[in-house]
Every structure is written in structure tokens, then in C-alpha cells.
Amino acid sequence: MRLFWLLIALVLAGLIVYLNPDYKARLQELVSDAGSTLSPAGKTIRLYKWRDAEGRWQISDQLPPADIDYETLDYHKDVNVLPLPPQLQND
């Protein structure tokens, strides 16, 4: 009997998410971002950048609140961010 009520609850929760566009978009975003903080090779880090209520920039590996616009930043651990020293350049 418990299994029956669990299935009913899951179906109702699914309907609520499916019928509410805000929940549906948020769920799709979470599913597409799941595991993307680190790629399978462990070389990409995903960060999120947004402004808080006071106008300060926030950068985090966690998604911001649902009503805030944000920018996605991907950093590759295997990419050198420093310029190549002159002695190593092939000019």
C-alpha cells in the first residue's frame, strides 16, 4: 500500500513540474547542469556570475536564486592563463 501512495505522490509531483513552466525550465536547467561543475575528464570548472540585490557581483559554483539573471563561466584547468614567455615564443 505504501508503494501505491509513493507512486501517486511521484506522479502528482511530476504533473506539477510538467505543468508549471517555471519549475519545468528550472528542472531542465538543473538536469543539463548536473555534473557540469567538473567535466568527466575533470578539466572544466563551471561558475555562475550575477549581481545581488545590492548590485555586488557574486561568483559561485552554485546556481543563483531562480529569479536572478546570471552568466555561465567555464574555465579549463588545462589551459594556461598566463602569456607565453618571450624565450618560448616561436616568432
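Listed by chain and number, the lysines whose alpha-carbon sits under 23 Å from that of LYS24, ignoring those within fewer than 8 places in the same chain, are LYS49. Counting Lys and Arg as +1 and Asp and Glu as -1 over every other residue whose Cβ lies under 11 Å from the Cβ of ASP67, the net charge comes to -1. A simple spin-label model places pseudo-atoms 7 Å from Cα toward Cβ; at LEU88 and ILE45 they are separated by 1.9 nm. The Cβ shell under 15 Å around PRO21 holds other residues with a net charge of -1, Lys and Arg each +1, Asp and Glu each -1.
Since every read-out is calculated from the coordinates, none of them should be taken as a lab result. From a predicted model like this one, the values you see are computed outputs, not experimental measurements. With ideal geometry, Cβ positions are generated from the backbone for all residues, glycine too; neighbour counts draw on all protein chains shown.
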